[in-house]
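Read-outs: derived from the displayed coordinates by stated rules, not from any lab. Source: prediction; values computed, not measured. Note: ideal-geometry Cβ built from the backbone for every residue, glycine included; neighbour counts use all protein chains shown.
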């Protein structure tokens, strides 16, 4: 719980003194201008409780179980994007780094996307955009290109479940990426005459959200008009499955929440469906501690509690900083306390020794050796490259001298004491916290 208190603050969800430069999502008109304000207050309170509970499910490695780190980050982002105001905080960086690790691990285990489901790929792409990453160049992987290819080559004979396919379309259109023209024909092929998609309200709702998002991807009437007609028919299907007391589907809270999101995305007037009744059912289904029956269900429902839907990512993406958050370095002011860190670099091979010019760099207290190296690189003292693994960043080259797996040559880091004796570090550069005057020596040698 101590860790989560900090997360609540950087998410801006529960800190009364948090100052946001972004507007809090408005739920006062979620069911139109005549929305019951008591209902609106309950929705806001429910969003806080659900976000609280979801954050409380975060594991010790700052992710979420069941490989749901991406969908959890996306859901929290859609619920309240003010967490991006403090991306330099350690808590935010650890959470986002865990997303990086999870995505890279999945890419590695799934043989570079080949075995990863199209829905999971879509969730990861949206989560990366939500955390201000460039999914078109994610550690050398073009996730958006892969998504485009998978959507374009989607085999309708392999599955009739268009829920994950719609997630992939949402990932493409909400990030501003090109949506293949074939997507319209693919959706049209499986949509029934009644506007419904196989497997009921959930799939139809996700397809309608995708079609609503895709409207900005096509300009020609030849494509836009059929798309809007399909969306209208999908909305009619959803509204036709609302019961007299306000539930959607089989009186299921997740189906009801997804249906409400879809109708909001499609711009259907609340007067055409029982909006307030549906929302009251959802609120009444929330457990006392904040969840809606499960972690997955809470993730699906949370965006609605902020009057948003799965296609809203484009609306909250605009305030991302220019730099990727994993490479942002806070500036050092004149009045800041600093620590000086010394670096020595040498290349020790069997028949030769090369010594590079030593240098000194200032860092802020609490920053790691890796951050000191980033500051030195930014200034131009030296160059290095690193690669993110499940153990964090490890150094792959310094001053264009690259690790050589074939010959067993690698970069090793040592700490150097006052007498000049060196000791190999027991952890990577990210795990070393220098004190003022510390000296570190990078040596390229045989393993």
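With neighbour counts taken as other beta-carbon atoms within 10 Å, the residues 202, 56, 26 rank, fewest first, as 26, 56, 202. Exposure proxy shown here: for 348, 106, 374, 426, the number of other Cβ atoms within 10 Å sets the order, fewest to most, as 426, 348, 106, 374. Our analysis of the range 361-447 gives Rg over Rh at 0.95, with the two radii drawn from alpha carbon positions and Rh computed by the Kirkwood formula. Which shape class, rounded, prolate or oblate, goes with the range 38-85 when its Cα gyration tensor gives a ≥ b ≥ c as root eigenvalues, a/c under 1.5 marks rounded, and past that a/b bigger than b/c marks prolate? Judged from the Cα gyration tensor, the range 38-85 comes out prolate (a/c at least 1.5, a/b above b/c). Annotation for residue 414 and residue 188: the two label points, set 7 Å from Cα along the Cα-Cβ direction, are 7.0 nm apart. Each part gets one Cα centre, and for the range 412-447 versus the range 262-301 those centres are 54 Å apart.
From helices alone, the chain scores -13000 deg cm²/dmol at 222 nm; the rule is -39500 (n - 2.57) for each run of n ≥ 4 DSSP H residues, then divide by the residue total.
Relative to its residue count, the range 190-273 spans a Cα convex hull of 84 Å³ per residue. Using only Cα atoms, find the angle between the long axis of helix 221-240 and the longest principal axis of the chain, and express it within 0 to 90 degrees, rounded to the nearest 10. Taking the Cα atoms of the chain, the angle to 221-240 is about 70 degrees.
Once divided by 2.2 N^0.38 Å, the Cα radius of gyration of the range 50-195 becomes 1.10.
Treating r as the C-beta distance of residue 67 and residue 404 and R0 as 22 Å, the FRET efficiency rounds to 0.05.
Taking Cα atoms only, the orientation of helix 90-109 departs from the longest principal axis of the chain by about 80 degrees.
The mean sequence distance of close C-alpha pairs (under 8 Å, at least 6 residues apart), as a share of the length of the range 2-325, puts its relative contact order at 24 percent. When each of the peptides 219-232, 131-144 is scored by how many other beta carbons lie within 10 Å of its residues on average, the order from highest to lowest is 131-144, 219-232.
Taking packing as the residue-averaged number of other Cβ atoms within 10 angstrom, the listed peptides 432-441, 416-425, 252-261, 172-181 run from highest to lowest as 252-261, 172-181, 432-441, 416-425. Given in Å, the Rg to one decimal and the Dmax to the nearest whole number for the Cα atoms of the chain are 25.3, 85.
Would you kindly state how much longer the chain becomes between residue 225 and residue 435 on full extension, computed as 0.36 nm times their sequence separation minus their alpha carbon distance, in nm to one decimal? Before the final figure, lay out the partial values.
Values: separation 210, 0.36 × 210 = 75.60 nm, distance 6.45 nm.
69.1 nm is the gain from fully extending residue 225 to residue 435.
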